[in-house]
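Comments concern the structure below.
The values are calculated or read from the model by the stated rules, or taken from the named source; none is laboratory data. Quick caveat, the model's predicted, so the values are computed rather than measured. Here the Cβ is made from the backbone with ideal geometry for all residues, glycine too, and neighbour counts use every protein chain on show.
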Amino acid sequence: DTAVSQTPKYLVTQMGNDKSIKCEQNLGHDTMYWYKQDSKKFLKIMFSYNNKELIINETVPNRFSPKSPDKAHLNLHINSLELGDSAVYFCASSQQDRLGEQYFGPGTRLTVT
Amino acid sequence: QQQVKQSPQSLIVQKGGISIINCAYENTAFDYFPWYQQFPGKGPALLIAIRPDVSEKKEGRFTISFNKSAKQFSLHIMDSQPGDSATYFCAASKSGRNNDMRFGAGTRLTVKP
């Protein structure tokens, strides 16, 4: 059984388009995250959702908006895509009292042309 | 600012050797220090973790050494194997609501046969 799943795995799109990445976890965790990993492999947290409430919003452009329909899902919507948005995006989940034990999805490689 | 500093950026070790990756943190409120392992094309996976009340934790060939006074911790991989070749991230987190985990910049380990 896949613990944290993301779709799609690859996403190629043009500048200016709007796209979404979906994430689902079946671990029963109460906190979910989105990370961006750039070409140098640096992992940067973008958002954290706990029980459908946004906990962290790092210095991320407001073109990025997380949407959580329920505790098991945290989708990432991106408006007006830019070249600099090209990266691998990872979804992760954990229990709120065990923030350091995060389970990551397989990643979505976004390429903006 | 980068709250967790990791070195070296890359490391090449011969099979059977010891791999050592070092990290330093700034915020004394951090109370959980995990290491994540990431293979190409995969998401990071929790490898081993330590809390600041112990100075060392060992799991198989992997050992974390922790120096609270120096605010440093390190990962030692004994008898390194080619299958250990991956990118390793140290991280630090603090408990409680509105908190998150901060990652080091990563170390690309190559174990040569």
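Kindly evaluate residue B:95 against the criterion of being outside any strand (DSSP E or B), of a type in the set (Ser, Thr, Tyr) and out of contact with any His (no Cβ under 7 Å at 6 or more places or on another chain).
Values: outside any strand (DSSP E or B): yes; of a type in the set (Ser, Thr, Tyr): yes; out of contact with any His (no Cβ under 7 Å at 6 or more places or on another chain): yes.
Here the answer is yes, as residue B:95 does meet what is asked.
Condition check ((1) in contact with a strand residue (DSSP E or B) (Cβ under 8 Å, 6 or more places away or on another chain); (2) more than 13 Å from chain A (Cβ to nearest Cβ)) across all residues:
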| site | (1), (2) |
| --- | --- |
| B:19 | yes, yes |
| B:37 | yes, no |
| B:41 | no, no |
| B:82 | yes, yes |
| B:94 | yes, no |
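Being farther than 25 Å from residue B:48 by Cα, under 14 Å from the mean Cα position of the chain (by Cα) and within 13 Å of another protein chain (Cβ to nearest Cβ) narrows it down to one residue among A:67, A:9, A:22, A:44; which is it?
A:9
How many residues does the range A:29-50 contain that are touching a residue at least 24 places away in the same chain (Cβ under 8 Å) and not in a strand (DSSP E or B)?
4
When you go through B:12, B:21 one by one, which is the residue that is in contact with a Leu (Cβ under 6 Å, 6 or more places away or on another chain), surrounded by 13 or more Cβ atoms within 10 Å (Cβ to Cβ) and not basic (Lys, Arg)?
Result: B:21 is the single residue among B:12, B:21 that is in contact with a Leu (Cβ under 6 Å, 6 or more places away or on another chain), surrounded by 13 or more Cβ atoms within 10 Å (Cβ to Cβ) and not basic (Lys, Arg).
Kindly provide the set of residues from the range A:70-113 that are within 14 Å of chain B (Cβ to nearest Cβ), in a loop (DSSP other than H, G, I, E, B) and touching a Gly at 6+ places or on another chain (Cβ under 8 Å), ordered by number.
Hits for the range A:70-113 are A:105, A:106, A:107.
For the range B:1-51, give me the residue count where each residue is touching a Ser or Thr at 6+ places or on another chain (Cβ under 9 Å), of a type outside the set (A, V, I, L, M) and outside any strand (DSSP E or B).
Number of matching residues: 10.
Going by the conditions given, is residue B:101 at the interface with chain A (Cβ under 9 Å from one of its Cβ atoms) and either at pLDDT 95 or above or crowded, with 18+ Cβ neighbours inside 10 Å (or both)?
Judged against the criteria, residue B:101 is a match.
Matching residues to (1) free of Cβ contacts under 8 Å to residues at least 24 places away in the same chain; (2) not aromatic (Phe, Trp, Tyr):
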| site | (1), (2) |
| --- | --- |
| A:98 | yes, yes |
| A:103 | no, no |
| A:107 | no, yes |
| A:110 | no, yes |
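Filter the range B:60-69 for residues that are free of Cβ contacts under 8 Å to residues at least 12 places away in the same chain and either part of a loop (DSSP other than H, G, I, E, B) or over 16 Å from the mean Cα position of the chain (by Cα) (or both); which is farthest from the other protein chains (Cβ to nearest Cβ)?
Looking at the filtered set, the residue picked out is B:69.
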